[in-house]
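Visitor: To start, I am sharing the structure in question, which I have written as structure tokens.
Every read-out reported here was derived from the displayed coordinates using simple, explicitly stated rules and does not represent laboratory data. These numbers were taken from a predicted model, which means no experiment stands behind them. Glycine gets a Cβ as well: all are built from the backbone with ideal geometry, and neighbour counts include every protein chain shown.
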Amino acid sequence: MVRFHAMRLRKFNFLMVIVGFIFAAEGCHQPFAQGQALYDANCSRCHGMDGQGFENLYPGILESPYLMTAGSGLACVIVHGSDYLDEKRGGPGDEIPMPENKHLTPVEVLNIINYLSWEFGSRETTTIDQVMRAMEGCKE
Ligand code: HEC
């Protein structure tokens, strides 16, 4: 009886070690893979894979207040581009305008926001409700 228990315990320990490895491996990945793929497809050609921007043509976004504060309108910037930025500052900026991204669904916009916040921003998580509200409030 005692031996039986000891064996079960050893098996259990072995299992826990494996589970531990799985968790450790998971920990290495950032959790917003879809957001990263969408950023790479829709944003990185101007802002760069690392968010640094491109020479004088396209601004870096690493210092952007839109990245640092959750719910500050990043959804509107993504969907409406410079139409939204111009309205916020009361006129066109110096740069080439940023295009709109009306093909993205709210969930896709959310995933980009959460990826950016995780990778470069405050790591605050935005919710789908916040994105829907922001998108309703953006001017067309
Ligand atoms: C064709 C190039 C281009 C693409 C693609 C693009 N942007 Fe931009 N982005 C710009 C330019 C140019 C500006 C500055 C425009 C302005 O100030 O009116 C800008 C501004 C921004 C800003 C505001 C920076 C600040 O604080 O002033 C953010 C945030 C941003 N982009 C994020 C994104 C994200 C996220 C995507 C992908 C969904 C994206 N951009 C796609 C060119 C681009």
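Visitor: Got a sec? Which of 60, 91 is more than 14 Å from residue 131 (Cβ to Cβ) and touching a His at 6+ places or on another chain (Cβ under 8 Å)? Spell out the reasoning first.
Guide: Numbers: 91 fails: touching a His at 6+ places or on another chain (Cβ under 8 Å).
Selected residue: 60, the only one of 60, 91 that is more than 14 Å from residue 131 (Cβ to Cβ) and touching a His at 6+ places or on another chain (Cβ under 8 Å).
Visitor: Of all residues in segment 85-107 being out of contact with any helix residue (DSSP H, G or I) (no Cβ under 9 Å at 6 or more places or on another chain) and part of a helix (DSSP H, G or I), which is surrounded by the most Cβ atoms within 10 Å (Cβ to Cβ)? Let's see the steps before the verdict.
Guide: Here is the first cut: in segment 85-107, the residues out of contact with any helix residue (DSSP H, G or I) (no Cβ under 9 Å at 6 or more places or on another chain) are 86, 89-91, 94, 105.
Now narrow it down to the ones that are part of a helix (DSSP H, G or I): 86, 89.
Values: 86: 16, 89: 10.
Per the criteria, the residue is 86.
Visitor: Here's another thing I want to ask about it. Would you check if there is a residue in segment 114-125 being within 7 Å of the ligand (Cβ to nearest atom), of a type outside the set (Asp, Glu) and surrounded by 16 or more Cβ atoms within 10 Å (Cβ to Cβ)? Walk me through how you get there before you give the answer.
Guide: Going through segment 114-125, the residues within 7 Å of the ligand (Cβ to nearest atom) turn out to be 116.
If we keep only those that are of a type outside the set (Asp, Glu) as well, we get 116.
Still in the running and surrounded by 16 or more Cβ atoms within 10 Å (Cβ to Cβ): 116.
Scanning segment 114-125, I find at least one residue that is within 7 Å of the ligand (Cβ to nearest atom), of a type outside the set (Asp, Glu) and surrounded by 16 or more Cβ atoms within 10 Å (Cβ to Cβ), so the answer is yes.
Visitor: Kindly indicate the residue of segment 34-59 that is without any contact (Cβ under 8 Å) to a residue 60 or more places away in the chain and more than 10 Å from the ligand (Cβ to nearest atom) and also nearest to the chain's Cα centre (by Cα) among those meeting that condition.
Guide: First pass over segment 34-59, keeping only residues without any contact (Cβ under 8 Å) to a residue 60 or more places away in the chain: 37, 40-41, 44-50, 52-59.
This time we only want the ones that are more than 10 Å from the ligand (Cβ to nearest atom), so: 37, 48-50, 52, 55-56.
On the way: 37: 10, 48: 14, 49: 13, 50: 12, 52: 16, 55: 23, 56: 24 Å.
Per the stated criteria, the residue is 37.
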